[in-house]
1. Name the single residue, out of those in the range 116-128 being assigned to a helix (DSSP H, G or I) and open to solvent by 40 Å² or more (accessible area, probe 1.4 Å), that is nearest to S264 (Cα to Cα).
2. If R86 passes every condition in (1) open to solvent by 60 Å² or more (accessible area, probe 1.4 Å); (2) closer than 22 Å to P259 by Cβ; (3) assigned to a strand (DSSP E or B); (4) not aromatic (F, W, Y) but one, which one does it miss?
3. Strands (runs of 3 or more DSSP E) wholly in the range 214-302 with at least 2 residues that are basic (K, R) - which ones?
4. Please pick out the residue among P195, P255, P216, P200 that is under 27 Å from Q303 (Cα atoms) and in contact with a strand residue (DSSP E or B) (Cβ under 7 Å, 6 or more places away or on another chain).
5. I'm told G152 meets every condition in (1) of a type outside the set (S, T, N, Q); (2) surrounded by 14 or more Cβ atoms within 10 Å (Cβ to Cβ); (3) closer than 25 Å to I75 by Cβ except one. Can you identify the failing condition by its number?
6. Name the residue, out of G272, G250, that is open to solvent by less than 10 Å² (accessible area, probe 1.4 Å) and modelled with pLDDT under 95.
7. Confirm whether G167 is open to solvent by less than 20 Å² (accessible area, probe 1.4 Å) and on the phi > 0 side of the Ramachandran plot.
8. What is the number of the single condition among (1) in contact with a Cys (Cβ under 9 Å, 6 or more places away or on another chain); (2) within 25 Å of P249 (Cα to Cα) that V205 does not meet?
Amino acid sequence: MARNSPEARGRKVSKMSLSNDSIKVSKGFQSADATNINSSYNNLESLSAGKSRASSKVDNGLSEEQKEQIRFSKIGRKKDFACTERINGKSTNILKGLELHTKVFNPEEQKKIVECVYNLQRMGRKGQLRERTYSEPKKWMRGKGRITMQFGCCYNYAVDKNGNPPGIDRDEVVDPLPPTFKQMIKRMVRWHVLPPTCIPDSCIVNIYDEGDCIPPHIDHHDFLRPFCTVSFLTECNIVFGSNLKILSPGEFSGPVSMPLPVGSVLVLNGNGADIAKHCIPGVPAKRISITFRKMDDSKLPYQFSPDPDLLGIKPLAYSPLTKSPYQQSQPQKPLGYHSIAKSPFQQSNHQNGKLTAKECGSGNTNNTSFFMDEDGFPPLGSSNSSSRSRASRAGSKQYFG
């Protein structure tokens, strides 16, 4: 076929159009496979819109706005955590500023988010992400070697091989936030989980195998407060205290140990972020967490530019269908557990009056979702936390009230 024939010119134009579309979709991703992954995410979003339109005909005639308001009204919010310690000679509530939100992402959405994480993990293993985006160290001892992925910025946990100190490496470039994660951010800001004054522009994904942990720490102040962590696959404990003890690899103790339900969003701010250290003891089963944070303007990577998709996100306005976060956090609307997600230890504590949160349903309702794809998905693992780490049994107080 002649190089300048009409057929060849048409094929060149089609290829150029596809390339331009891919650039728009996956700005910052540098591989063809990364572009394909981003395209699949956008397909999810278009499926969501299409299926939402179709489902609106059978959802009692409710509009998308009404369905979102119903979902919004069912969020569980707990903001009255309390644990008093002596700090600089003063009695201080070290948990002030902590918030726990449930039912922000329904089971269908959780599946698609986890699927997104696994896709990114596969890309990282194939070398299709930037070098500092994906890390999978060898498991050299119990609790060490969890997989991490960083988007938006590169964070050094310790002094790196080039002598850069802990904190954001402003010279290093990692992959940008994937579209799925940006949709999560929009949801959390719209539904009053995160404030519009502190919209995250970076995140870190942790993929835990059984026994993996995170040691005691306070998040670096290169990141603003508040920040948040979303939990998937398996419920686990998080331990808080101004002085946490390392009992053995993957085992810690402190004055407060609280469960993180699957699909929950833990927001850390105030004393809960800056006075209390926190850690994750060895997890009982496969777990994924995504921590979203906003960088301090003075610490932004030199090549960073704001993502237009995350500019100007407005919180959802209240309607007669919804209650304010204050009303939602009152005792008559307590934070709920699904009954199968409690360990025998939690159940006995509840019966003995040690847990003040009441039980309520899981809230799996036919409401709007930004993921509606029904493709098959492997089992997500158990949300049962019966295999609590010994750290929780060996000195940490189960606290949820």
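1. Going residue by residue through the range 116-128, those that are assigned to a helix (DSSP H, G or I) are 116-125.
Still in the list and also open to solvent by 40 Å² or more (accessible area, probe 1.4 Å): 118, 122, 125.
On the way: Y118: 19, R122: 25, R125: 28 Å.
The qualifying residue nearest to S264 (Cα to Cα) is Y118.
2. Of everything listed in (1) open to solvent by 60 Å² or more (accessible area, probe 1.4 Å); (2) closer than 22 Å to P259 by Cβ; (3) assigned to a strand (DSSP E or B); (4) not aromatic (F, W, Y), R86 misses just condition (2).
3. Working: elements: 214-217, 227-232, 236-241, 245-248, 251-253, 256-260, 265-268, 277-280, 287-293.
Answer list for the range 214-302: 287-293.
4. Details: P195 fails: in contact with a strand residue (DSSP E or B) (Cβ under 7 Å, 6 or more places away or on another chain); P255 fails: under 27 Å from Q303 (Cα atoms); P216 fails: under 27 Å from Q303 (Cα atoms).
Of the residues listed, the single one that is under 27 Å from Q303 (Cα atoms) and in contact with a strand residue (DSSP E or B) (Cβ under 7 Å, 6 or more places away or on another chain) is P200.
5. So the condition that G152 fails would be (3).
6. Of the residues listed, the single one that is open to solvent by less than 10 Å² (accessible area, probe 1.4 Å) and modelled with pLDDT under 95 is G250.
7. Yes: the conditions hold for G167.
8. V205 satisfies all of (1) in contact with a Cys (Cβ under 9 Å, 6 or more places away or on another chain); (2) within 25 Å of P249 (Cα to Cα) except (1).
The values are calculated or read from the model by the stated rules, or taken from the named source; none is laboratory data. Bear in mind the structure is a predicted one, so any value in this text is a computation, not a measurement. Heads up, the Cβs are rebuilt from the backbone with ideal geometry, glycines too, and the neighbour counts pull from every protein chain shown. The protein model used for the area step is the full one, side chains on, heavy atoms only, and it has no ligands, DNA or RNA in it. Shrake-Rupley method; radii C 1.70, N 1.55, O 1.52, S 1.80 Å.
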